[in-house]
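Here is the structure we will look at.
The values are calculated or read from the model by the stated rules, or taken from the named source; none is laboratory data. All of these numbers come straight from a predicted model, not from anything done at the bench. Cβ atoms come from the backbone with ideal geometry, glycine included; neighbour counts cover every protein chain shown. These area figures cover heavy atoms from the full protein model, side chains too; ligands, DNA and RNA do not enter into them. Shrake-Rupley method; radii C 1.70, N 1.55, O 1.52, S 1.80 Å.
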Amino acid sequence: MVTSTVAPPDSPEVRKYNRIRRWLGIGEFVLGFGLLLVLLLTGWTGSIRDTAYGLASQGYVLAVFFYVVILILITKALGLGMEYYGFRLEHRYNLSNQRLRSWAWDEVKGLLLMIVLAGVLVELLYFIIRQFPQHWWILAWIGFLVISVLLVQLAPVLLFPIFYKFEPLQNEELKNRLVRLGEHAGTRVRGVYKWNLSEKSKKANAALTGLGNTRRIILADTLLDNYSADEIEAVLAHELGHHVHKHIMKGIAVEAGVTFVGFWAANWVLQYSIDRWHLFETISDFANLPLLVLIFVALSFLLMPALNAFSRYNERQADRYAFEHAAIQPFISSMNKLASQNMAERTPSRWVEWWFHSHPSISRRVTAAEAWAKSNT
Ligand SMILES: [Zn+2]
């Protein structure tokens, strides 16, 4: 029996926590955007380039690398205060298990990873720009796509383990339930992994990750330890819904469209900055990197509502899959548990949900589950 419930109003504490998190996100964005603008308008990007050339004894490839490292270090130094505030915030609301030491170590690892990834990508980008100054943007776009697909595939085995421990799920009953769900769907997910999130957080989470032979569902231990087998099955069914509806591939396809426009616009603006603004002498002058990044940041900011709407559409599709293949009541109770455990807003304001949320609000998801149950009994 599913009884219809009216979502309880969110407590002032929950509202405040989410408001602060939102402002923190906006603050980080404004800081990054502002830095890029300042670098370009003051010409400091040129000074950094000259410093990089000095450090590299005038070698182009090494100078690109040093330039990227300096840019990343400046960004990190400016943003560190807000990141630390974010770390303290999780503790203030009793949502974190992470010690300061472990947080600092994560910061160091994140920084190194960023330098390696950005270093490789930017080197590749300016290699292409130097070799093909006319059509670089199409080739860079293709290269970017290939690397994106590769990263999505490698992330579960290469990137996530840098920050969290994973192990194959041992629970036989849950594994059997998943196999049954998969057989029902005529599909097979290769693995279900326990994600040791409790080392760092009290929040619960689950996700579908990877591509091809790394495709897997990951379930946080904070979820496995506190939810009933029926509730976990509902979560699994939702993640399987993402798999069946090929949401990861669709996400990559959408990204391909967005970055195509991004690279096209970048080429146009970079040429303009040389011919009209006389900011740079050649397109291969890597001091133009902040301008290139600025275009992508602006584009993703403008498209944020559309991309979030696309994500919410996918989430509703995965939810519907869960309604059809698992029980409704455990789905609803798992949603309510998640909301309390993660201090999520059950009923965010309409515009907040529209602009910021990649998932429909908990109240909407519960209402949809109840409506589905009502029309299918
Ligand atoms: Zn989902």
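Keeping the other protein chains in place, figure out the carbon and sulfur percent of the accessible area of the stretch 228-377, with a 1.4 Å probe. Please list the in-between numbers first.
Numbers: 4360 of 6860 Å².
Summing carbon and sulfur atoms, their accessible area is 64 percent of the total for the stretch 228-377.
Take the Cα of Glu107, step 7 Å along the line toward its Cβ, and report every residue of the stretch 59-100 whose backbone nitrogen sits under 16 Å from that point.
72-91, 98-100
Please figure out what share of the DSSP beta bridges in the chain is antiparallel and state it in percent, rounded to the nearest 5. Don't jump to the answer; show the numbers that get you there.
On the way: 8 of 13 bridges.
For the chain, the DSSP antiparallel bridge percentage is about 60.
Size of the stretch 71-156 along its principal axes in angstrom, Cα-based, largest extent first?
53, 29, 18 Å, listed from the longest principal axis down.
Label Ser358 and Met249 with points 7 Å out from Cα along Cα→Cβ: what is the distance between them in nm?
Reported label-point gap for Ser358 and Met249 is 2.1 nm.
Sum up the charges of everything whose Cβ sits under 11 Å from the Cβ of Ala287, counting Lys and Arg as +1 and Asp and Glu as -1, but leave Ala287 out.
Numbers: positive: Arg49; negative: Asp50, Glu281, Asp285.
For residues surrounding Ala287, the net value is -2.
Multiply the residue separation of Asn97 and Thr75 by 0.36 nm, subtract the distance between their alpha-carbon atoms, and state the gained length in nm to one decimal. Walk me through the intermediate numbers first.
Numbers: separation 22, 0.36 × 22 = 7.92 nm, distance 2.69 nm.
Net length gain for the segment: 5.2 nm.
Once label points are set 7 Å from the Cα along Cα→Cβ at both Arg276 and Arg350, what is their separation, rounded to one decimal in nm?
If labels sit at Arg276 and Arg350, their model points lie 3.9 nm apart.
Over all pairs of distinct alpha carbons, what does the Kirkwood formula give as the hydrodynamic radius of the chain, in Å? Could the numbers behind the result be given before it?
Details: mean 1/r = 0.0433 Å⁻¹.
Evaluated over the chain, this radius sits at 23.1 Å.
Could you tell me what percent of the DSSP beta bridges with both partners in the stretch 169-269 are antiparallel, to the nearest 5?
Details: 4 of 9 bridges.
Counting only bridges with both partners in the stretch 169-269, antiparallel ones make up about 45 percent.
Per residue, how much accessible area does the chain have with a 1.4 Å probe, in Å²? Please list the in-between numbers first.
On the way: 19700 Å² over 377 residues.
Dividing the accessible area of the chain by its residue count gives 52 Å².
So what's the angle, to the nearest 10 degrees on a 0 to 90 scale, between helix 328-342 and the longest Cα principal axis of the chain?
Its long axis makes an angle of about 50 degrees.
Magnitude of the Cβ-charge dipole of the chain, K/R +1 and D/E -1, about the Cα centre, nearest 20 debye?
On the way: 37 positive and 30 negative charges, 104 e Å.
Approximately 500 debye in magnitude.
Quick one: which of Lys16/Lys194; Lys16/Lys203; Lys16/Lys109 span more than 21 angstrom between C-alpha atoms?
Numbers: Lys16/Lys194 31 Å; Lys16/Lys203 17 Å; Lys16/Lys109 31 Å.
From the list (Lys16/Lys194; Lys16/Lys203; Lys16/Lys109), the Cα-Cα distance tops 21 Å for Lys16/Lys194; Lys16/Lys109.
Please label the shape of the stretch 118-188 as rounded, prolate or oblate, based on the square roots a ≥ b ≥ c of the eigenvalues of the alpha-carbon gyration tensor (a/c under 1.5 means rounded; beyond that, a/b larger than b/c means prolate, else oblate). Present the calculation step by step, with values, prior to reporting the outcome.
Working: a/c = 8.84, a/b = 2.42, b/c = 3.65.
Because a/c hits 1.5 or more and a/b fails to exceed b/c, the stretch 118-188 counts as oblate.
Which net charge results when you count Lys and Arg as +1 and Asp and Glu as -1 among the other residues whose beta-carbon is under 14 Å from that of Leu211?
Details: positive: Arg190, Arg215, Arg216, Lys246, Lys250; negative: Glu255.
Local net charge: +4.
Determine the share of the stretch 41-180's accessible area contributed by carbon and sulfur atoms, expressed in whole percent, with a 1.4 angstrom probe.
Details: 5700 of 8280 Å².
Of the solvent-accessible surface of the stretch 41-180, carbon and sulfur hold 69 percent.
Tell me the angle of helix 12-42 to the major Cα principal axis of the chain, expressed in degrees between 0 and 90 and rounded to the nearest ten.
Tilt of helix 12-42: around 20 degrees.
Considering the convex hull of the alpha carbon atoms of the stretch 236-291, report its projected area averaged over all viewing directions, in nm², one decimal.
Working: hull surface 20.7 nm².
Seen from a random direction, the Cα hull of the stretch 236-291 projects 5.2 nm² on average.
Based on the alpha-carbon gyration tensor of the stretch 140-230 and its eigenvalue square roots a ≥ b ≥ c, which shape applies: rounded if a/c is under 1.5, prolate if not and a/b is larger than b/c, or oblate? Please report the intermediate quantities before stating the final value.
Details: a/c = 2.72, a/b = 1.37, b/c = 1.98.
Cα axes put the stretch 140-230 in the oblate bin.
Just from its helices, what would the mean residue ellipticity at 222 nm be for the chain, if runs of 4 or more DSSP H residues each count -39500 (n - 2.57) and the sum is divided by every residue, rounded to the nearest 500 deg cm²/dmol?
Working: 14 runs with 267 residues, N = 377.
The per-residue figure over the chain is -24000 deg cm²/dmol.
Hey, got a sec? Which GluC sites (Glu not before Pro) in the stretch 281-377 land in a DSSP loop and have at most 12 other Cβ atoms within 10 Å? Don't skip to the end; give the middle numbers.
Values: sites: Glu281, Glu315, Glu324, Glu345, Glu353, Glu370; in loops: Glu281, Glu345.
Filter output for the stretch 281-377: Glu281.
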